[in-house]
Structures are given as structure tokens and as C-alpha cells.
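Peer 1: Take this structure first; my questions come after.
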Amino acid sequence: MYSGRVSTPERLIESTRELLWERGYVGTSPKAILERAEAGQGSMYHHFKGKPDLALAAIRRTAEEQRATAESVLGGPGTPYERIEAYLRRERDALRGCPIGRLTMDPDVVASAELRAPVDETLDWIRERIAGIVEEGQEQGQFAPSLDGEEIAATVVATVQGGYVLARASGSPAAFDTGVRGLLSLLAPRVDVSA
């Protein structure tokens, strides 16, 4: 699976990321990490203090990747509405779920302030970024002045995370897509009919 050019620590981090997404923290054993990483016994403890330290590195990497992916569309071209639309419609594996959202349902991650911090920071960053875009849209007259940017941002994040849950529960990405279409119809810029 890995080429000889990928370092052992890198293989351990990437394998842990994948396993956390698939199985959660408790279901990710050191043995499974080593097998997935094609690493020798003891190599985890050579490069990391233990499973919590490795998990933290993996969660931080996932959080950084999620923020970069979100920024690629939220900071891209287009009107504020088009950028929010691009974020909601970007390509995702709705049936696999969100790697950050998955961690919020893991009791061991939630119970650990250290493991939870990158998750909280990522969700806060996404909400703040979207709230700023809503305010930008209000300044441009695209969104109604009565909208609360923070509430809209929380609704966008809730739609995405809830869409993953509904898609997984139904076994179809259609549930995710339906939620996105509904939210976008509510956010659609108002057309001035008096003009």
C-alpha cells in the first residue's frame, strides 16, 4: 500500500486518520494502526508517546485538511451566495460521513480536551468563516439585513453534518443532497421585483 519513500511516522499518521474515520478512537487499536501502516511492532512507540499522541497528530492533520478544503471553496471566486453554495455542493462521500463530524460522536475524543480541541477549532473556524461571508453578502445587498450571520453559519454546518447522518441512515446520498437544496432555496438572494 505504501511506497518505500513514505516515512514510518507519515504512514502511522495516515493510517490512524483512516482508522479513526472508519472505526473511531476505541475501535482503532495499535495493532490495527501498525498493520495498516505496514510498520513494525514498536514503531508507534518509537515515533510517538503512544496511541493518544498519534491520534492527536492524526486528528490535527484531518482538521487542517478539512479547513483547507473548506477554504478552497469559501475563499474562491463568486458572490457570497455562490461561495456558500460551492461549499455545500462540493464533492463529498456522503455515505462515508465527515471525518471531523465522526469524531464528535466518539465518547473518548469528546472526553479528552486535547483530542477534542482540533475538532472544536475546525467547526468554530468553519462557522466563523461562513458567518463572515453572510455579513459580506448583507453588505452587498445579496442577503437580507435581518439575517444573523452566526445563526446562518450554524445552520449551514448543521445541514452538512445532519446530511451525512441522514445519508448514512438511508444508505443514499440523496438525503444529503435534499437538505442542501432546501437550505440553498432558503438562502437564495432575493430578486427585486419592483425594478
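Peer 1: Work out how far the C-alpha atoms of region 133-195 reach from end to end along every principal axis, then list the three figures in whole Å, largest first.
Peer 2: Extents along the principal axes, in whole Å: 45, 25, 14.
Peer 1: Follow-up question, since we're still on this one. Would you calculate the separation in nanometres between label points at Ser72 and Lys51, each defined as 7 Å from the Cα along the Cα-to-beta-carbon direction?
Peer 2: So the two model labels end up 3.2 nm from each other.
Peer 1: Please give the per residue accessible area of the chain, computed with a probe of 1.4 Å over protein heavy atoms only, in Å².
Peer 2: Roughly 53 Å² per residue, with all protein chains present.
Peer 1: If R₀ is 45 angstrom, what is the calculated FRET efficiency for the pair Leu147 and Val6, using the beta carbon separation as r and rounding to 0.05? Let's see the in-between values first.
Peer 2: Details: r = 46 Å, r/R0 = 1.03.
Using R0 = 45 Å, I get an efficiency of 0.45.
Peer 1: In whole Hz, what ³J(HN,Hα) sequence does region 28-42 give by Karplus (6.51, -1.76, 1.60; θ = phi - 60°), x for Gly and Pro?
Peer 2: 9, 8, x, 4, 5, 4, 4, 5, 5, 7, 6, 10, x, 4, x
Peer 1: Also, quick follow-up: Applying the Karplus parametrisation 6.51 cos²θ - 1.76 cosθ + 1.60 with θ = phi - 60° to the phi angles of region 112-121, what ³J(HN,Hα) value in whole Hz is obtained for each residue in order, glycine and proline being reported as x?
Peer 2: 9, 4, 5, 6, 6, 3, x, 5, 4, 4
Peer 1: Another one. With a 1.4 Å probe and every protein chain kept in, tell me what percent of the accessible surface of region 49-195 is carbon plus sulfur.
Peer 2: 52
Peer 1: Here is a follow-up. Show me, for region 139-152, the HN-Hα J-couplings you get by feeding each phi into the Karplus relation (A = 6.51, B = -1.76, C = 1.60, θ = phi - 60°), rounded to Hz, glycine and proline as x.
Peer 2: 4, 8, x, 7, 10, 4, x, 6, 5, 9, x, 5, 5, 5
Peer 1: At 1.4 Å probe size, with no ligands or nucleic acids counted, give the accessible surface of Arg127 in Å², nearest ten.
Peer 2: Near enough 80 Å² of accessible area.
Peer 1: Could you give the length gained by full extension between Arg168 and Thr79, i.e. 0.36 nm per residue of separation minus their alpha carbon distance, to one decimal place?
Peer 2: This chain segment gains 28.9 nm when fully extended.
Peer 1: Which trypsin sites (Lys or Arg not before Pro) in region 61-92 sit in a loop by DSSP (not H, G, I, E or B) and have at most 15 other Cβ atoms within 10 Å of their own Cβ?
Peer 2: The qualifying sites are Arg90.
Peer 1: Once the chain is represented by equal point scatterers at the alpha-carbon sites, with solvent omitted, what log10 I(q)/I(0) does the Debye formula produce at q = 0.19 Å⁻¹?
Peer 2: -1.25
Peer 1: With Cβ to Cβ distances under 13 Å as the rule, what net charge do the other residues near Val6 carry (K, R +1; D, E -1)?
Peer 2: 0
Peer 1: Run the 1.4 Å probe and let me know the accessible area of Ile13, rounded to the nearest 10 Å².
Peer 2: The value for Ile13 is about 20 Å².
The values are calculated or read from the model by the stated rules, or taken from the named source; none is laboratory data. Worth saying up front: this structure is predicted, and the values here are computed from it rather than measured. Please note: Cβ atoms are built from the backbone with ideal geometry, for glycine as well, and neighbour counts cover all protein chains shown. Protein only, heavy atoms only, side chains kept; ligands, DNA and RNA dropped before computing areas. Shrake-Rupley method; radii C 1.70, N 1.55, O 1.52, S 1.80 Å.
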